[in-house]
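Novice: My questions all concern the structure below.
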Amino acid sequence: MDTNLPRVTYSNIGEDFSAVHAHLDALLPKVRETVLGRDRLNLIAGEEDGDGVRYTAASPINRDWALGHFIAASEVAVRRAVEAAQDAYPDWSRRPWLERVSLLRRAAERFEARKYDLSAACLFEVGKSRMEAVGEVEETIDLIRYYAAEMEKNEGYDRPMQRAFQQEATRCVLRPQGVFAVIAPFNFPVALSVAMTTGALLAGNTVVYKPSPMAGLTGRLLADCFVEAGLPAGALNLVCGGAEVGETLVAHPGVAGVAFTGSHAVGMGIFRRMAERPYAHPVIAEMGGKNPTYVTANADLDTASSGVMRSAFGLSGQKCSAGSTVLVHERVADEFLGALVDKTAKLTVGDPQRADVFVGPVINRAAAERFERVAASVRQQGRFAAGGEMLAGGLYDRGYYAAPSIATDLPPDHDLHKDELFLPFLTVRRFADLGSAIREGNDVPYGLTAGIYTQDEAELQLFLNTAEAGVLYANRASGATTGAWPGIQTFCGWKGSGVTGKGGLGPWYVPQFMREQSHTVMG
Ligand code: NAD
């Protein structure tokens, strides 16, 4: 049905998407009517499961719209889910890897077939703009195919080794671990859940998946895609709920490894808890960021202000890669800030069902309260060049809508330059020397993404050689620090943004779900 529509990625922003918008104009009201507000049960051992406490999640766009009614899995249900994954493990892990690859490729087809329904669900669930929501599902399809292709390219990670003697056969093979707990955040509920699940399944592990409590709707819909593709019962189990359900899952001794994406505090808590076991288990934790952008005196300021605006305020600043702090050379600071404020003033904040809305709501009351605290702090010690308030009136009273905000004149060591805030909020500082500015930008506990705008080769090289982050961008109008894509930009968190030194979206992701074994067989 949707095959003639152009692909939406995070960076092909100049294309004509009028056909996509026409399709969404018709689809969104239908999805609101038929997909939202229903009972969505967990999935354990291939069966729907209602064991636990029923809760309702609301859309951040309008609290009156129930996304659905979900089950926070009971302790017993979590235990049954782990046991179901353990039962499914021998069959799934022993299947030839090519069979697992073809099943995951079938899952990609199911996601392709449901692309717009899932995008619409994601829009209502997270409050994403149309382009962000469709882009996320497009990314999901590409990343399944990319990881499947990596398995093929590496021949299932099974390779012959050298022989010490003629009569011996040797090989090195990567093997699965067992049951993986997959714990996902709210902000990219489809792409990140599917990325972690696909990595685990391709490698031969089975999965108990817990989405964010805000994202049970896409959680259930994406689990359905895997089931429709023919995944055997128990290979993927879904348990909804919040921190408590996550803790119960991580504590289960049958869990052999954890794939987590979310905040630094929670990720490190899981890492420490897993380290208390009698021996080490893999924890693949991808966590927060405080991503700086450098704008030098040699920058194209039009490109720089566009890229910074998109990365700071896209998805209301709720991306791990959001560009939330800018260091700009003092010679061009006023001109850059002027261009940035102009572009920010043109953004429409509102209901992301509308084609013209770039900035939707923030996710919940806690985010709104965080915004109020941040704004009070700026008013005390700095000033706002744009925004600075929660919006009120009409729809703004039904969700939590923050004005895209730019803070300047804060003391250089202010916490707001260092803390991940996850809000449509940007701090801007001036610098005289790029080397010192990069040291300042590096001086945070995170290391996820960073961007620069410069036409000077020496400045570019200084940045590429000294920025402490896993994902670096230069001179992009589509986003200063955001917009990574499977197989194109790998996505590795340095320092407090990750724990393994390997990233998603790249060639080293799937092997992280495996362990090495050497086989020597005498002939
Ligand atoms: P969060 O840490 O609050 O929650 C993430 C998941 O962990 C949720 O499913 C939650 O229910 C679960 N959880 C919470 N407490 C737990 C506990 N004690 N034990 C087990 N599970 C627990 O994160 P969030 O607010 O949903 O997402 C935003 C965060 O995710 C930001 O910090 C963002 O930077 C990060 N993130 C990182 C990446 C990346 O690739 N590095 C990508 C997206 C988001």
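Where a number appears in this text, it was derived from the coordinates with a stated rule and is not lab data. Every value quoted in this text rests on a predicted model; they were computed, and no experiment measured them. A quick note on method: Cβ atoms are made from the backbone with ideal geometry, for glycine too, and the neighbour counts reach across all protein chains shown.
Novice: Roughly how many nanometres apart are two label points built 7 Å out from the Cα toward the Cβ at residue 13 and residue 109?
Specialist: That separation, rounded to one decimal, is 3.6 nm.
Novice: A further question follows. Straight-line reach from residue 319: which aspartates and glutamates have Cα under 16 Å away, leaving out those fewer than 8 places along the same chain?
Specialist: Candidates past the 8-residue exclusion: 125, 132, 136, 139, 286, 419, 420.
Novice: How much length is gained on full extension from residue 464 to residue 53, taking 0.36 nm per residue of separation minus their Cα-Cα distance?
Specialist: Computed gain between residue 464 and residue 53 is 143.0 nm.
Novice: For the chain, what does the helix formula give at 222 nm: sum of -39500 (n - 2.57) over DSSP H segments with n ≥ 4, over the residue count, nearest 500 deg cm²/dmol?
Specialist: Value at 222 nm, helices only, nearest 500: -12500 deg cm²/dmol.
Novice: Separate question: Based on alpha-carbon centroids, what's the gap between segment 489-523 and segment 355-411 in Å, whole number please?
Specialist: 39
Novice: Something else about it: Can you find, among 177, 407, 481, the residue farthest towards the positive end of the dipole of the chain? Put +1 on the C-beta of Lys and Arg, -1 on that of Asp and Glu.
Specialist: Of 177, 407, 481, it is 177.
Novice: Using a 10 Å cut-off around each Cβ, can you sort 218, 408 from fewest to most neighbouring Cβ atoms?
Specialist: Going from sparsest to densest Cβ surroundings: 408, 218.
Novice: Moving on to the next point. Could you pull out the pairs from 115/153; 290/495; 418/495; 128/346; 30/115 whose alpha carbons sit more than 20 Å apart here?
Specialist: Listed pairs above 20 Å: 115/153.
Novice: For segment 1-121, rounded, prolate or oblate, judged on the Cα gyration tensor with a ≥ b ≥ c (square roots of eigenvalues), a/c < 1.5 rounded, else prolate if a/b > b/c?
Specialist: oblate
Novice: Multiplying the sequence separation of residue 170 and residue 345 by 0.36 nm and subtracting their Cα-Cα distance, what value in nm do you get?
Specialist: So the extension gain works out to 56.6 nm.
Novice: Find how many whole Å separate the alpha carbon centroid of segment 189-215 from the alpha carbon centroid of segment 47-96.
Specialist: With segment 47-96 and segment 189-215 each reduced to a Cα centre, they are spaced 12 Å.
Novice: Based on the alpha-carbon gyration tensor of the chain, what equivalent-ellipsoid semi-axes (square roots of 5 times the eigenvalues) come out, in whole Å, largest first?
Specialist: In descending order, the three semi-axes are 38, 28, 21 Å.
Novice: Let me ask something else. Placing +1 at every Lys and Arg Cβ and -1 at every Asp and Glu Cβ, with all other atoms neutral, what dipole size does segment 140-199 have around its Cα centre, in debye to the nearest 20?
Specialist: It works out to roughly 120 debye.
Novice: While we're looking at this one, here's another question. Most exposed first by the Cβ proxy, i.e. fewest other Cβ within 10 Å, how do 370, 429 rank?
Specialist: By the 10 Å Cβ count, ascending, the order reads 370, 429.
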